[in-house]
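Read the structure below first, then the notes.
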Amino acid sequence: MENTLIVADLASLGYGLAAIGPGIGVGLVVSKTIESIARQPELASKLQVTMWLGIAFTEALALIGLATPFIF
Amino acid sequence: MSKPNSRPTNVNELFKQVLLQGTLLGAAIATFGVTIGFIVAGEPGSASALIGAAIAIVFNGMTALSVWIGGKLPLGGFYGVVLGGWIVKIVLFIVVIGLLRDVEFIHGPTLFFTLVASILGGLTIDALAVLRARIPTFDE
């Protein structure tokens with residue numbers, strides 16, 4: 001019973017860790033893009049496409065991390 | 001409508017192409033996953049492969065859609081749509097994973113590996129589409 005509770009706590013910690021890293025990453029990517037668009041608005045579409053690629057790669061980590069309960 | 005393999009020359013064409021190719025690749029991975037899942041774990045394996053691929057297609061598509069829709073809004077709206085969409089997506093994903101975790105017809109490893117394969121495939125499609133795109137540096 002006690003072991004089950006410890007494992008459940010660790011799983012919750014894992015969910016948190018899997019979300020917080022990519023959360024910070026996505027925040028940084030978006031904030032830098034907005035900063036760049038504010039400096040050079042005419043480059044917006046190019047910067048948004050680059051940002052989208054950055055977000056896609058960063059959030060892949062979150063999705064993989066959050067799905068790990070299925071293999072453990 | 002742009003051809004699936006043509007080089008996108010603007011953001012709309014790029015996102016349309018990415019969504020189309022991502023869905024097609026996800027369907028191909030789902031088919032492959034269903035076959036492997038059925039061999040490994042029978043019907044639960046097939047169901048898990050389908051669910052894993054569907055989750056990956058929806059979540060990859062939501063990212064592209066949020067940037068596409070957000071890009072048409074002013075800067076504040078763009079920020080809200082992209083980051084708000086990200087929060088909604090992660091919360092939804094945690095709820096889905098929580099609901100599926102203890103379901104009997106789920107074969108965990110099949111779902112996990114199909115999901116990872118679909119995510120990595122989606123990222124490859126995204127990266128290739130951006131590399132092939134010929135988007136003008138300056139907006140008109």
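Here are a few things to note about the model shown:
- Whichever residue in the range A:50-66 is of a type in the set (Val, Ile, Thr) and farther than 18 Å from B:ILE69 by Cα and, among such residues, is surrounded by the fewest Cβ atoms within 10 Å (Cβ to Cβ): A:ILE64
- Conditions (1) closer than 30 Å to A:SER36 by Cα; (2) out of contact with any Phe, Trp or Tyr (no Cβ under 6 Å at 6 or more places or on another chain): number failed by B:ALA64: (2)
- Residue that is over 17 Å from the mean Cα position of the chain (by Cα) and either at the interface with chain A (Cβ under 9 Å from one of its Cβ atoms) or at pLDDT 90 or above (or both), where the choices are B:LEU123, B:LEU111, B:LEU75, B:LEU131: B:LEU75
- Here A:PRO69 meets each of (1) modelled with pLDDT of 85 or more; (2) at the interface with chain B (Cβ under 7 Å from one of its Cβ atoms); (3) surrounded by 15 or more Cβ atoms within 10 Å (Cβ to Cβ) with one exception, condition (1).
- Count of residues meeting criterion [surrounded by fewer than 18 Cβ atoms within 10 Å (Cβ to Cβ) and free of Cβ contacts under 8 Å to residues at least 40 places away in the same chain] in the range B:51-101: 22
- Of everything in the range B:78-99 that is more than 9 Å from every other protein chain (Cβ to nearest Cβ) and among the hydrophobic types (A, V, I, L, M, F, W, C), the residue that is farthest from A:ILE55 (Cα to Cα) is B:LEU99.
- Of all residues in the range B:32-77, those satisfying the criterion of being under 30 Å from A:ALA44 (Cβ atoms), small (Gly, Ala, Ser) and in contact with a helix residue (DSSP H, G or I) (Cβ under 8 Å, 6 or more places away or on another chain) are B:ALA56, B:GLY61, B:ALA64, B:SER66, B:GLY70, B:GLY71, B:GLY77.
- Criterion violated by B:ARG132 - all others in (1) closer than 25 Å to B:ILE51 by Cα; (2) in contact (Cβ under 8 Å) with a residue 24 or more places away in the chain satisfied: (1)
- Assessment of the range B:34-57 against the conditions (within 11 Å of chain A (Cβ to nearest Cβ), among the aromatic types (Phe, Trp, Tyr) and either farther than 24 Å from A:LEU17 by Cα or assigned to a helix (DSSP H, G or I) (or both)) yields no matching residue.
- Selection from the range A:21-49 of residues that are at the interface with chain B (Cβ under 9 Å from one of its Cβ atoms) and either exposed (fewer than 15 other Cβ atoms within 10 Å of the Cβ) or in contact (Cβ under 8 Å) with a residue 24 or more places away in the chain (or both): A:PRO22, A:GLY23, A:VAL26, A:GLY27, A:VAL30, A:SER31, A:ALA38, A:PRO41, A:GLU42
- Qualifying residue in the range B:108-125 (condition: among the aliphatic types (A, V, I, L, M), in contact (Cβ under 8 Å) with a residue 12 or more places away in the chain and not in a helix (DSSP H, G or I)): no
The values are calculated or read from the model by the stated rules, or taken from the named source; none is laboratory data. Quick caveat: nothing in here was measured; it's all calculated off a predicted structure. FYI the Cβ positions are ideal-geometry reconstructions off the backbone, even for glycines, and counts take in every protein chain you see.
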